[in-house]
Amino acid sequence: MPPGWTLSRGIVLTYPVCEHKDMLRIRVLHGPSLNLLGTREQSIYGTLSLDALDSTITKLAKELAVKVDLRQSNSESELVTWIQEARTGYDGIIINPAAYTHTSVAIRDAIASVGLPTVEVHLSNIHQREEFRHRSYIAGVAIGQIAGLGPTGYLLALRGLHDHLTASRRQKKTPAPATARRTAKETR
């Protein structure tokens, strides 16, 4: 029986319960120097601040009925810890590892170890920049990479990860088709 109040004469008023346990939860991680968005190398990263970017992500998350946890750190160890913590209570990760993309086996290994679908995001197109930026340690353990679309990349990552997770949930809820079995009489 749904929750409610019992009134005199056994009358029960029930009220709907919002099923937050089924709401998708996605951790969004911003790597080093992204706290300087809006003031840092505007010709490459644009003029949007991190707070404004986070507000845009949060707005889309509400539209998609997704709970997002947004975090930024300049520390590799803190990013690794947040990835590991996401193992329980989160359905997926969106990460802009920034410069750690090209150097951090630790972040790559953390993503691989938690087994959560992860989308790698970059504001700039790392493949059009300096040679050392072309290699991503994260790409091999991510379900996708979005680069070069500025802040829109985060929104595409959120939509894509939402769709991926929703489809995965539907598959888990749909029973597998019964296998056809032949009886001894059918094979004769």
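The residues of segment 60-98 that are closer than 17 Å to Ile138 by Cα and of a type in the set (A, V, I, L, M, F, W, C), listed by number, are Leu79, Val80, Trp82, Ile83, Ala86, Ile93, Ile94, Ile95, Ala98. Restricted to segment 13-50, and to residues that are open to solvent by 30 Å² or more (accessible area, probe 1.4 Å) and among the charged types (D, E, K, R), which residue is modelled with the highest pLDDT? The residue in question is Arg25.
I want to confirm something. Restricting to segment 137-159 and keeping residues that are outside any helix (DSSP H, G or I) and hydrophobic (A, V, I, L, M, F, W, C), which single residue is farthest from Val119 (Cα to Cα)? Among those residues, the one meeting the criterion is Leu149.
State whether one or more residues within segment 64-74 are in a helix (DSSP H, G or I) and open to solvent by 40 Å² or more (accessible area, probe 1.4 Å). Checked against the condition, which is being in a helix (DSSP H, G or I) and open to solvent by 40 Å² or more (accessible area, probe 1.4 Å), segment 64-74 yields no hits at all. When the residues of segment 104-131 are filtered to those that are open to solvent by less than 30 Å² (accessible area, probe 1.4 Å) and either touching a Phe, Trp or Tyr at 6+ places or on another chain (Cβ under 7 Å) or on the phi > 0 side of the Ramachandran plot (or both), the one that is modelled with the lowest pLDDT is Ser124.
Residue check: Leu53 meets all listed conditions (1) open to solvent by 40 Å² or more (accessible area, probe 1.4 Å); (2) of a type outside the set (S, T, N, Q); (3) assigned to a helix (DSSP H, G or I) but one, namely (1).
The residues of segment 75-88 that are open to solvent by 50 Å² or more (accessible area, probe 1.4 Å) and not hydroxyl-bearing (Ser, Thr, Tyr), listed by number, are Glu76, Glu78, Gln84, Glu85, Arg87. Could you list, in sequence order, the residues of segment 86-103 that are more than 14 Å from the chain's Cα centre (by Cα) and either modelled with pLDDT of 95 or more or not in a loop (DSSP other than H, G, I, E, B) (or both)? Result: Ala98, Ala99, Tyr100, Thr101, His102.
The values are calculated or read from the model by the stated rules, or taken from the named source; none is laboratory data. Please read all numbers here as calculations on a predicted model, not as lab measurements. Don't worry about glycine lacking a Cβ; one is built from the backbone with ideal geometry, like all the others, and counts go over all protein chains shown. Surface areas here come from the heavy atoms of the whole protein model, side chains and all, with no ligands, DNA or RNA. Shrake-Rupley method; radii C 1.70, N 1.55, O 1.52, S 1.80 Å.
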